[in-house]
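The values are calculated or read from the model by the stated rules, or taken from the named source; none is laboratory data. Remember, it's a predicted structure, so these values are computed and weren't measured experimentally. Backbone-built Cβ (ideal geometry, glycine too); neighbour counts: all protein chains shown. Side chains are part of the model used for accessible areas, which takes the heavy atoms of the whole protein and leaves out ligands, DNA and RNA. Shrake-Rupley method; radii C 1.70, N 1.55, O 1.52, S 1.80 Å.
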Amino acid sequence: MGDPVAEYSSRLQQQEQEIHSLTAEIESLKNPQSLGLSSDLDGLREENAKLKYRLNILKRSLQEERSQCSKTMMNINQRLQEIFGEAIREAWPDLENPPLAVTPNQQAKFGDYQCNSAMAMAQMMKSKGLKVNPREIAEKIQQNIPDNELIEKTEIAGPGFINVHLKRSFVSKLLTNMLLNGVQPPPLEIKKKVVVDFSSPNIAKEMHVGHLRSTIIGDSMCRLFEFLGYDVLRLNHVGDWGTQFGMLIAHLQDKFPNYLTVSPPIGDLQAFYKESKKRFDEEEDFKKRAYQCVVKLQSKDPAFIKGWNLICDVSRNEFQKVYNCLDIQIIERGESFYQEKMIAVVKEFEAKGLVEMDEGRKIVFAPGQQIPLTVVKSDGGYTYDTSDLAALRQRLFDEKADIIIYVTDSGQGTHFQVVFAAAQMIGWYDPKVTRVEHAGFGVVLGEDKKKFKTRSGDTVRLMDLLDEGLKRSMDKLKEKDRDKVLSTEELTKAQHSVAFGCIKYADLSHNRINDYVFSFDKMLDDRGNTAAYLLYAFTRIRSIARLANIDEVALRKAAETTDVLLQHDKEWKLGKCLIRFPEILQKILDDLLLHTLCDYLYELATTFTEFYDSCYCIEKDRQTGEVVKVNMWRMLLCDATAAIMAKGFDILGINPVSRM
Ligand code: ARG
């Protein structure tokens, strides 16, 4: 047998088509003029009634399948938009692009979701000279809501909000599906290819906190796309090419003359870089030689390529330490990869007459952009602009990417804007088809709100920072006496989980657009929206079943046989929060703002606490402490919460431990 989901989907599609043609038929039957004089009206009426009857049966079975075939999780918000879209089309068939707005309701008393289209539609009609009261519009929408599987009732409130109350039985069924099938992504129509360009430090220079942000944010974006089923290419666009390698190699030749046979012990590449820069600035001969080295390197002289590789390796090893700590997978494809491609790109722009000369430089102006790109410098060398054009072209044409995302600090916003505009101008891609986007982020600040630096004013080495995180997280665990409870191995695991989880979460939980203040004290605080809090909450939730002696087999069995009851207010609130997971992911897919996921996980954890405080999962004998009753459906709610949290952590790149 084939994939049941695909099979159901195609059946759904067939049925939807049938409904369409039946509806059309009914419409034409309603209109007697089109039937000619010979028509037997009674016969047609009868036929019409029969068709309507069949249509209803089909609609119902469509709904049944919708709620049963879903191995994947349903995006409720999207489903409600479909329903309201249909209602609006039914009521105003001629209205083009009616505004569709559905949001979850903040206050439970107003229902679970809210459709706010009526007000916007009134505005829209008003602009066409039609004065209609939004409340009347809301009523008409309400009357036209099609038969569906998830709405219990709707109410109109205020100026024209339509409050939607979901069916508890429906939410319960979704939760059961999730428990049985695991947290599955919503269905994906086509597998798209995504390139994420992130981390991307520069060889021979220190990888700094900006690169750390890019690494954390980019990795999490990749994880989201991967979970949703996209084909993701994670690229490290390292700065490994350019004139600085001339002086580095010249210095290498002097300092380690036998570098070709004996691997030079460059421990501190930073210092090495500084030394060669100093010589470059001060010694005329050295400078000359540095330039010759660039030429040799560009002509691929093996001795120079070797030197270049040696220098890159030193940096590479340093970067890799950071990636290992943070569990980052990434493919290195630096600027040097695009050398030949840059030549071709410049030719392509020249052939199309898009290149202008400016004081010996070759520049390209893109429509709507103030600043030009410099594609060739006056000394004939290429630039950051040229390599990004070549990289973009390669990703579009060779990688055949549908989505390309660049994760760097917002300071590079203009650079990317101009590169994208130039690529569109030359016809490489159409933004309506291919999504090419710069996901910028703010700078990292110290607790003094100034640029993040060490006390002595140097850039902070990332490995030092990560080490300090480890030290601080261990202090915290000891402060909580965890060292008295956990084995040494468990303690070390918890230490790593907390340290790196907190560093990542602190970054991801703030809107990336803003600058953010790096503070170990804040991120390790186990109160508030922090990884420390969530990790503790998560281990606690997972221990509930264990402490009641309920194993996975029993939970699985329960999921198969026990309905997840949602009668208590707090059960209902938790249930609704759980099923919002897919719509949260969808939103992030659109705006690439991962803090939404953090906010959601925090909300989930606090909603869980409310539930746990007021709903007994197990009841114990007051005297003996013995478990006298297990409320299995509540154990299932604990299990579902843990499952969603685990998936959330997974997407954020946070690695929870079983005991901490
Ligand atoms: N190496 C650059 C830097 O450190 C970041 C590169 C980002 N990616 C790109 N395709 N330009 O600022």
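At-a-glance table
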item: Region 288-339, subset basic (K, R) and assigned to a loop (DSSP other than H, G, I, E, B), residue nearest to L392 (Cα to Cα); result: R333
item: Sole residue being open to solvent by 70 Å² or more (accessible area, probe 1.4 Å), under 28 Å from M74 (Cα atoms) and more than 16 Å from the ligand (Cβ to nearest atom), chosen from K167, K109; result: K109
item: Residue within region 425-438 that is acidic (D, E) and either within 15 Å of the ligand (Cβ to nearest atom) or in contact with a helix residue (DSSP H, G or I) (Cβ under 9 Å, 6 or more places away or on another chain) (or both) present; result: yes
item: Unique match (being aliphatic (A, V, I, L, M) and open to solvent by 50 Å² or more (accessible area, probe 1.4 Å)) among L130, L58; result: L130
item: Whichever residue in region 373-396 is within 15 Å of the ligand (Cβ to nearest atom) and surrounded by fewer than 19 Cβ atoms within 10 Å (Cβ to Cβ) and, among such residues, is farthest from I217 (Cα to Cα); result: T374
item: Selected residue (criterion: farthest from the ligand (Cβ to nearest atom)) from residues of region 175-187 that are in a helix (DSSP H, G or I) and surrounded by fewer than 23 Cβ atoms within 10 Å (Cβ to Cβ); result: T176
item: Residue check, F272 touching a strand residue (DSSP E or B) at 6+ places or on another chain (Cβ under 9 Å), away from the ligand (no atom under 16 Å from the Cβ) and open to solvent by less than 10 Å² (accessible area, probe 1.4 Å); result: no
item: Region 596-608 residues that are at pLDDT 95 or above, paired with ones that are not in a helix (DSSP H, G or I) (beta carbon under 6 Å, 6 or more apart); result: C598/S509; Y602/N529
item: Filter result (open to solvent by less than 60 Å² (accessible area, probe 1.4 Å), free of Cβ contacts under 8 Å to residues at least 60 places away in the same chain and of a type outside the set (K, R)) within region 464-482; result: G469, L470, S473, M474
item: Members of region 397-412 that are part of a strand (DSSP E or B) and either more than 9 Å from the ligand (Cβ to nearest atom) or open to solvent by less than 10 Å² (accessible area, probe 1.4 Å) (or both); result: I403, I404, I405, Y406, V407
item: Neighbours by Cβ (under 6 Å, 6+ apart or cross-chain): first from region 221-239, at positive phi; second open to solvent by 10 Å² or more (accessible area, probe 1.4 Å) and more than 9 Å from the ligand (Cβ to nearest atom); result: G229/P185; G229/L188
item: Residues of region 327-342 that turn out to be aromatic (F, W, Y) and either away from the ligand (no atom under 13 Å from the Cβ) or open to solvent by less than 40 Å² (accessible area, probe 1.4 Å) (or both), as a count; result: 1
item: Unmet requirement for I162, which otherwise passes all of (1) buried (at least 23 other Cβ atoms within 10 Å of the Cβ); (2) within 16 Å of the ligand (Cβ to nearest atom); result: (2)
item: Members of region 519-539 found to be of a type in the set (A, V, I, L, M, F, W, C) and either within 18 Å of L604 (Cβ to Cβ) or under 22 Å from the mean Cα position of the chain (by Cα) (or both), listed by number; result: M523, A531, A532, L534, L535, A537, F538
item: Region 188-215, subset under 18 Å from the mean Cα position of the chain (by Cα), basic (K, R) and open to solvent by 20 Å² or more (accessible area, probe 1.4 Å), residue farthest from the ligand (Cβ to nearest atom); result: K191
item: Test: residue in region 445-452 that is part of a strand (DSSP E or B) and in contact with a strand residue (DSSP E or B) (Cβ under 6 Å, 6 or more places away or on another chain); result: yes
item: Residue in region 38-45 that is farther than 30 Å from N181 by Cβ, surrounded by 14 or more Cβ atoms within 10 Å (Cβ to Cβ) and modelled with pLDDT of 70 or more present; result: yes
item: Residue in region 252-267 that is assigned to a helix (DSSP H, G or I) and open to solvent by 70 Å² or more (accessible area, probe 1.4 Å) present; result: yes
item: Residue list for region 225-247, filter: within 16 Å of the ligand (Cβ to nearest atom), assigned to a helix (DSSP H, G or I) and open to solvent by less than 10 Å² (accessible area, probe 1.4 Å); result: F245
item: Residues being open to solvent by 40 Å² or more (accessible area, probe 1.4 Å) and farther than 14 Å from G160 by Cβ - total across region 112-127; result: 1
